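Throughout, read-outs are computed from the coordinates displayed, never taken from laboratory work. Note that the structure is predicted; figures quoted are calculated from it, not measured. Virtual Cβ from ideal backbone geometry, glycine too; neighbours counted across all protein chains shown.
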Amino acid sequence: MVAKRTERGREASQNDTAEAARAAAADADADGGTHSELDQGTGEPVGDAAEDAPDTDGGALLQQEIAGLRDQLLRLAADFDNYRKRATREQQEVREYGTNNVLNEVLPVLDNLDRALAHSEGDKSPVVAGVRLVVKQFHDVLSRFGVTSFASVGVPFDPERHEAVAQLPTGEHKPGTIVEELQKGYMLRDRLLRPARVVVAAAPEERAAEKAD
């Protein structure tokens, strides 16, 4: 009888211990797994604890991607700003110099009117007076668009502004001086619109022959 009581007491104690272990496990689960389970070999978190550990490598990659995107945006903004400035400059040039072709077609008409007036010097007829008025209006309109003529006779030949069509041997003018203007030259603001066609003085033939000897 005594042995049976002792055995029953031992079984009851074991049952109580098992119940206490189960209760402790339940309490740990209720706390949300605050106690991390570690790998016995490496000491690193395993299971749910490993999933909750911060990913430092992923954060570094994310920062690199953000820095790369920021650099791309800065480059794109700089390219767009350069494009905007270039487009503005081109539009300005079109407004100021886009009439070149039209003006070059109009200038020969003005040349013919100037030649007609040159051959009617001293003529007091109303027709000639009307042509003079038209020529004046013509020049006034061109000047409003920035077109102006420039004088050539008596100045040294400038290949940037003059087109030499002939040479005239003479001792009255220094060689290289323009002695006659066959067609007026015009400027469009600060650019050459059309060069003047001119005759340039050259050394007399006798003097040229002496230099050759």
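Points worth noting:
- Amide H to amide H, with H built 1.01 Å from N, GLN183 comes under 5 Å of ARG197, counting only residues 5 or more places away or on other chains.
- Ascending count of other beta-carbon atoms within 10 Å, so fewest first, for TYR97, TYR186: TYR97, TYR186
- Protection proxy ranking, peptides 64-70, 137-143, average beta carbon neighbours within 10 Å, highest first: 137-143, 64-70
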